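The structure under discussion appears below in the form of structure tokens.
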Amino acid sequence: MNKLSVNGLNVWFGKQRDRVNAVKGATFDVAQGESFGLVGESGSGKSTILRAITGLAPNWSGKVELDGRAIGKVRPKSFFKTVQMVFQDPYASLHPRHSVDQVLGETLHLHGFRDIDARVVKLLDDVGLGQKFRFRYPHQLSGGQRQRVAIARALAPEPELLLLDEPTSALDVSVQAEILNLLADLRRDRDLTYVMVSHDLSVVGHMCDRLAVMKDGHIVEILDVDALRSMKASHPYSKQLLEASLG
Amino acid sequence: MMSTLLDVENLWVRFPSRNGVFDAVRGVSFTLGRERLGIVGESGSGKSMTGRAILRLIRSPGIVEADQISLDGTDLMKLSEKDMRAVRGQRISMVMQDPKFSLNPVMTIGDQIIEAYRLHSAASKAQAYAKSVEMLEAVSIRNPERVMRAYPHEMSGGMGQRIMIAMMLIPNPEILIADEPTSALDVSVQRQVLSIMDKLVKDRGMGLIFISHDLNLVADFCDRVLIMYAGRIVEVCDADKLHDAKHPYTRGLLNSLPRLDVPRDRLDVLERDPEWSVALSVSARV
């Protein structure tokens with residue numbers, strides 16, 4: 001069964017003469033437990049798709065289904081318990097004056113958990129940070145540690161679908177490897193479904209089962225990773241992208 | 001034999017802090033000829049600081065010390081601030097990482113390039129205009145007249161970075177320091193910017209210091225690579241032999257990259273040895 005199904009999604013910004021159509025008729029399905037990648041250059045609309053799914057881009061049309069139920073303009077609280085997002089820049093996505101404990105505690109409180117203390121401890125352990133980080137502020141953390149906090153925050157409501165918007169592009173390669181391993185472990189242990197946006201084909205090739213190549217708001221091709229590895233992209237743009245990333 | 005343009009010997013960059021002095025760069029030595037020299041390392045390894053220290057762009061309370069930083073025989077460490085200004089831009093230029101922060105948002109691109117050019121030469125406005133258009137063409141910008149009239153926010157990242165390169169190259173410097181010039185760009189645009197820089201380096205016989213965190217990119221693009229860790233050079237090798245590098249840190253960085261052709265379940269995580277940060281810097285002087 002499909003965890004997420006997107007059908008003819010259009011997203012636009014501005015109106016009339018200033019209207020920009022950022023996503024045009026995107027259609028794809030993500031199965032339960034699958035890891036699905038979205039690749040393309042900047043401005044191709046890949047992040048916008050994630051933002052439209054979570055409701056951060058209010059102007060959209062088309063059909064988005066989660067577990068077979070259509071998502072409306074107003075999302076119920078249960079939606080945010082199921083779907084969570086990790087953002088690109090760990091330097092910008094954490095409140096600079098909230099400690100790690102506050103960040104995670106507030107999220108847990110909003111989702112109606114009672115045993116907040118025990119859960120914060122558990123979350124920090126799950127993302128490999130440990131207790132000594134609990135009362136630190138973001139400026140006392142490295143980029144990789146911040147991204148772990150952002151992942152812990154996304155995991156707090158025990159979601160089933162994680163939307164990952166370039167989770168490692170602001171990090172060093174050595175730290176990127178740690179975060180990608182962490183994400184792979186979490187997916188296996190918690191049976192999560194991922195939709196991952198990246199401009200790096202090798203990262204998507206490592207993490208995902210299938211991927212969609214985007215250009216100018218259109219999905220030009222959906223292919224599986226084996227086809228990607230054996231360079232069997234059929235659309236000329238995906239071929240070009242593949243060649244550029246292999247150098 | 002390659003002529004030496006720049007000779008850096010025993011360069012230290014220090015920042016005094018409440019918890020004692022922090023050494024950002026520790027005793028780095030290298031020479032630069034008419035070649036493409038790559039400096040790679042993680043964030044915080046001191047690679048950008050090395051680039052800035054050469055131009056003496058490190059502000060107080062930061063302290064730069066070196067036995068010498070000599071550019072064609074003149075020691076930059078001994079120059080006055082006024083003489084240094086004649087070196088910056090004119091003889092050594094620098095392209096920074098993000099074009100959004102390096103261009104003035106309230107000036108047209110044309111005015112900025114013309115200003116930069118006229119600061120270093122006695123050209124008339126008309127000459128400067130013609131030269132600017134020519135430079136924009138050289139970095140493959142289509143329709144340069146329109147770009148001259150445009151403001152930075154109207155440009156994409158790739159165009160912004162090419163404009164920066166054009167601006168830096170007009171005075172015809174001997175050395176170009178490029179600090180992560182393509183990190184903010186897409187792969188397809190990245191190649192374009194690199195090939196432009198490559199062509200300019202070859203045509204003009206410039207020396208290029210290319211600072212990047214991207215090992216594969218540096219292996220492809222440069223002639224020689226310095227690998228930095230915790231302010232020191234841990235290894236020097238020819239770029240085409242980077243994949244046979246010996247130092248465990250370099251090996252660790254290479255192994256932590258996901259690869260399309262070699263799928264793996266888990267990526268190797270870099271194990272840091274405290275020995276690496278105490279070991280002496282390897283000299284990269286030729």
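The values are calculated or read from the model by the stated rules, or taken from the named source; none is laboratory data. Worth saying up front: this structure is predicted, and the values here are computed from it rather than measured. Note: ideal-geometry Cβ built from the backbone for every residue, glycine included; neighbour counts use all protein chains shown.
Structural remarks
- Conditions (1) in contact (Cβ under 8 Å) with a residue 60 or more places away in the chain; (2) of a type outside the set (S, T, N, Q); (3) closer than 18 Å to residue A:245 by Cα: number failed by residue B:230: (3)
- Enumeration of residues in region A:220-238 that are surrounded by 13 or more Cβ atoms within 10 Å (Cβ to Cβ) and outside any loop (DSSP other than H, G, I, E, B): A:220, A:221, A:222, A:223, A:225, A:227, A:228, A:229, A:237, A:238
- Test: residue B:56 is part of a loop (DSSP other than H, G, I, E, B), more than 14 Å from chain A (Cβ to nearest Cβ) and in contact (Cβ under 8 Å) with a residue 60 or more places away in the chain: no
- Residue count, region A:141-184 (criterion: in a loop (DSSP other than H, G, I, E, B) and either within 14 Å of chain B (Cβ to nearest Cβ) or surrounded by 23 or more Cβ atoms within 10 Å (Cβ to Cβ) (or both)): 10
- Qualifying residue in region B:222-243 (condition: surrounded by fewer than 18 Cβ atoms within 10 Å (Cβ to Cβ), under 17 Å from the mean Cα position of the chain (by Cα) and at the interface with another protein chain (Cβ under 10 Å from one of its Cβ atoms)): no
- Positions within region A:185-202 being within 8 Å of chain B (Cβ to nearest Cβ) and at pLDDT 90 or above, in sequence order: none
- Selected residue [in contact with a strand residue (DSSP E or B) (Cβ under 6 Å, 6 or more places away or on another chain) and under 18 Å from residue A:38 (Cβ atoms)] from A:168, A:193: A:193
- Candidates B:17, B:29 - the one that is away from chain A (no Cβ under 14 Å), without any contact (Cβ under 8 Å) to a residue 40 or more places away in the chain and either under 18 Å from residue B:284 (Cα atoms) or surrounded by fewer than 14 Cβ atoms within 10 Å (Cβ to Cβ) (or both): B:17
- Close Cβ contacts (under 8 Å, 6 or more residues apart or on different chains) running from residues in region B:136-164 that are under 17 Å from residue B:187 (Cα atoms) to residues that are crowded, with 21+ Cβ neighbours inside 10 Å and among the hydroxyl-bearing types (Ser, Thr, Tyr) comprise B:161/B:182.
- Extreme residue, surrounded by the fewest Cβ atoms within 10 Å (Cβ to Cβ), among residues of region B:155-187 that are within 14 Å of another protein chain (Cβ to nearest Cβ), in a helix (DSSP H, G or I) and not aliphatic (A, V, I, L, M): B:157
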